[in-house]
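Take a look at the structure set out below.
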Amino acid sequence: MSTITLPARVALQNSDFFEPAREIAVVRGSLEHTSGMTNAAKPAPSNPRTLVMEGIATGVPSEFTKQSDAAKKVCGLFEADAAQQERITRLYTKTRIDKRHMTVDPLQPKFDRNLSIRKRMDLFLELASPLAIDVSSRALHSAGTTADEIGLLVLVTSTGFIAPGVDVAVMKALGLSPSVSRLTVNFMGCAAAMNGLRAATDYARAHPDKKSLICCIELSSVNAVFADNINDVIISSLFADGCAAMVVGSRSGSGPELQGTLRNGQIIIHEHFCQFVEGSDDGITLGVNANGITCDLSAKLPSYIRNGLDPVIRSTLNRHGMTKADVDYWAIHPGGPKIIEESVRSLGVSEKVASTSWDVLAEYGNMLSASLPFVLQRMVTRANRDGTSGKGLAFSFAPGVTVEGIFFEIPLCN
């Protein structure tokens, strides 16, 4: 598996994302088209189906930048004075990120930071396709699935939009049927993987003879823009490039009957949940400028998460007769220190339950939609290694602010 570091275009607001006092970031993201083609598949049977994530793979660009080195480059780029250098270094340290992977280094002099949005999207297609193809291919192998079994291909990204795009490149390279249904999920930010997974599971439930392939590909580095104002760059310390792919299918039966059909690396998806947090419209906003995609994070976002998350989680658990004490796995989107900290604070759980999310953040930074699948992959790998099982919740935050996630189970496999 590879990895990559990246700063993305950022707008600094009066927020406490990095420091208790102020300083927050904005991200550069992008989006992709949505298309669909009918795929002849048998209608869903009347008997209940259990949704299973049958395989998952992740990957990052091979090039990476240490966070300490990135801070030095930013200082040099703006010829920062001593006070500014101290501030930038402190903020980069507070991200709790060690390194980030990226396909291009926007801090290098050779990177044209004045590229038009069209040229950035062309660059996205060129650089994203190989990574998406590699990770998607490994996801099929992980699931033991052949190309002809895939009935739906879902491409997820908030950092690149062009059609025909990466979805067509993946379709051709993997030998998927020309009649495969295609769907792209754009502008859903960090929660886009959960959004795409919802569409994939709906398809798998309705078409039991077919499976869905979801590919989340994010290249924030392609959208990096650095203005003369240092405050417009600092938040770029969070975002990075990465890719994750998942295969989803449905099974008949439940309980012991279902358990006998599962193997290591697979996750049962019991439910999807999605809830808009009232009054949080300004929390996460995405837009398009002449030179790229923008994502603005409000200074109020931490409070929106703190006040809005717990009711959603309680409601989800209540539907299953559970409490937070019954949850074995907390897969929290590793979007930054404040995202994780405020999620833990809202839930009233120990910070230890977020250890996997902290690990992914430290090793890769915020890879937007690709980040949460990295967390899930680590959880299922560790559980299989230790011979443990349990139920968990995975969630992230979309523009709105919207909480979206899944209630899942890592089974004990033979």
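Each Lys and Arg contributes +1 and each Asp and Glu -1, all at the Cβ; summed about the Cα centre of the chain, the dipole is approximately 460 debye.
Using Stokes-Einstein with the Kirkwood hydrodynamic radius over Cα pairs, what translational diffusion coefficient do you get for the stretch 241-287 at 20 °C and a viscosity of 1.002 mPa s, in µm²/s rounded to a whole number? It comes out at roughly 142 µm²/s. Shape descriptor for the stretch 26-258: Rg over Rh equals 1.06 (Cα atoms; Rh from the Kirkwood inverse mean 1/r). Return, ordered by residue number, the residues of the stretch 335-373 whose backbone nitrogen is under 19 Å from a label point located 7 Å along Cα→Cβ of residue 77. Counting only backbone N, you get 364-368. The aspartates and glutamates whose alpha-carbon is closer than 18 Å to the alpha-carbon of residue 99, local same-chain residues fewer than 8 away aside, are 63, 69, 218, 241, 359, 363. Among 334, 177, 311, whose Cα projects farthest towards the positive end of the dipole of the chain, with charges put on the beta-carbon of Lys, Arg (+1) and Asp, Glu (-1)? Projecting each Cα onto the dipole axis, the largest value belongs to 177. Of all complete DSSP H helices in the chain, those with a Cα span along the helix axis of 30 Å or greater and a mean Kyte-Doolittle hydropathy of -0.5 or more are 117-143. Taking a threshold of 23 Å on the Cα-Cα distance, which of the pairs 324/352; 211/324; 66/119 fall above it? Violating the 23 Å limit, Cα to Cα: 211/324; 66/119. How long are the semi-axes of the equivalent ellipsoid of the chain, taking √(5λ) for every eigenvalue λ of the Cα gyration tensor, in whole Å from largest down? Calculated on Cα positions only, the semi-axes equal 34, 25, 18 Å. Each label point was placed 7 Å from the Cα along the Cα-to-Cβ direction; for residue 320 and residue 126 their separation is 4.5 nm. Using the average count of surrounding beta-carbon atoms within 10 Å as a protection proxy, the listed peptides 307-314, 366-373, 185-192 rank, highest first, as 366-373, 185-192, 307-314. Spatial offset of the stretch 290-305 relative to the stretch 150-184 amounts to 28 Å, using the alpha carbon center of each. For residue 211, nonlocal amide neighbours, meaning residues 5 or more places apart or on other chains whose placed amide H falls under 5 Å from its own, are 150, 151, 152.
Working note: 222 nm ellipticity from helices only, DSSP H runs with n ≥ 4, each -39,500 (n - 2.57), summed and divided by the residues of the chain, gives -10500 deg cm²/dmol to the nearest 500. Per residue, the convex hull around the alpha carbon atoms of the stretch 41-165 comes to 169 Å³.
Read-outs: derived from the displayed coordinates by stated rules, not from any lab. Bear in mind the structure is a predicted one, so any value in this text is a computation, not a measurement. Here the Cβ is made from the backbone with ideal geometry for all residues, glycine too, and neighbour counts use every protein chain on show.
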